[in-house]
Structures are given as C-alpha cells and as structure tokens.
Amino acid sequence: MDVTDLRILKCLRKNSRESLGKIAEDLNISKATVSRRLSRMEEEGYISGYCLSTNPSRFGLMKALVSLQVMGTAVNSVIDELKNYPEIESVMRVFGDHSLLCHIYTTSVDSLYDLIQSRLLKIPNIHNVEVDIIIDRMDINPNAELDMVQPKVAGPR
C-alpha cells in the first residue's frame, strides 16, 4: 500500500462508480496502472466491496443505534437470533458498557419501542438495552481510515 494506492482509494471513496479513465486522469497515471492496482488491492483484501449510500428518510424510515448488554458468554447466540430481524442492518461487537451495537431501521419511534419491548428484550441473556435515534449524519473526514495508513515508499510494480 503506497501513496498512489491510497490516492486511488480516496477517489473511489468519493465516488465508487468513477471510471478508471477519470481516476487515471485525475491522478496523472495510466488507466492500466489504476486497473492493475485495483485488482491487486481487491485480491489482497484491502477492498472488500463497493457500496451504495441511501437516505433512509426518503423511504419513510428512521435509523437508531441500539446497544445491547449481553449476560455471560451468550454473545454468539444473541447474534444468531438477531439475524432473524429484518430491521437490523448490522451488529458490531464492542468493548465498553455494552456487548453489541445494532444499526436498526424502523418506520417510527413507536415501532422501534415495540421492537425493543416485544422482541429484543425477550431474547435470552439480553440484560440491558439503550437507544440512540439518529437525527442526522455528517461526514467529518470520510478518509480518516485512509489518512491513518502509513504508506510504504513506492517501488516498482
């Protein structure tokens, strides 16, 4: 991973649909170089996929972060149960006051409350639930991850 690789990734972070030709032009390198480097970064696992960002409110949805405190060592069984909930986008294992952090979509505060009270709290070993409703999201530095990488000195490729 060198400076050129990071510059390519930053272009894709801005627009994952950007053409290889446009990236090459912007970075003053050949299209073949961009293509070769992207293939290598995909093969080596630096790039795990390309994604689409949507606006949940346009679909009539709200997003919440729900923190779950799991008793004992039942985290894996709780995660397996959470896979049955279509409202849950992702689950992260975390260190801190809680064991899991869930990204959840619902249509209203009432439906979120119902999900928590009627379903989540009924899952064995869930001890405590805390909720934060996301009002807005602002990217401060979408390249923070890439800015933290210490690039290697470019060598022949």
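Overview of values
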| quantity | calculated |
| --- | --- |
| Subset of the stretch 15-29 that is under 21 Å from residue 52 (Cα atoms) and assigned to a loop (DSSP other than H, G, I, E, B) - its residue that is farthest from the chain's Cα centre (by Cα) | 19 |
| Pairs, first assigned to a loop (DSSP other than H, G, I, E, B) in the stretch 86-109, second among the aromatic types (Phe, Trp, Tyr), C-beta under 6 Å, six or more apart | 87/105 |
| Subset of the stretch 58-83 (residues that are more than 15 Å from residue 129 (Cα to Cα) and not in a strand (DSSP E or B)) | 58, 59, 60, 61, 72, 73, 74, 76, 77, 80, 81, 83 |
| Any hit, the stretch 39-57, residues being touching a Ser or Thr at 6+ places or on another chain (Cβ under 9 Å) and surrounded by 14 or more Cβ atoms within 10 Å (Cβ to Cβ) | no |
| Where a residue in the stretch 121-146 is outside the structural domain of residue 110 (by TED's automatic domain parsing) and its partner, wherever it lies, is in a loop (DSSP other than H, G, I, E, B) and modelled with pLDDT of 90 or more, with Cβ under 7 Å and at least six apart | none |
| Test: residue 6 is assigned to a helix (DSSP H, G or I) and out of contact with any Ser or Thr (no Cβ under 7 Å at 6 or more places or on another chain) | yes |
| Subset of the stretch 66-83 [under 16 Å from residue 103 (Cβ atoms) and surrounded by fewer than 13 Cβ atoms within 10 Å (Cβ to Cβ)] | 83 |
| Candidates 89, 25, 44, 18, filtered to the one that is in contact with a strand residue (DSSP E or B) (Cβ under 7 Å, 6 or more places away or on another chain) and either under 30 Å from residue 129 (Cα atoms) or not β-branched (Val, Ile, Thr) (or both) | 89 |
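The values are calculated or read from the model by the stated rules, or taken from the named source; none is laboratory data. Remember, it's a predicted structure, so these values are computed and weren't measured experimentally. As a convention, Cβ positions derive from the backbone with ideal geometry for all residues, glycine included, and neighbour counts pool all protein chains shown.
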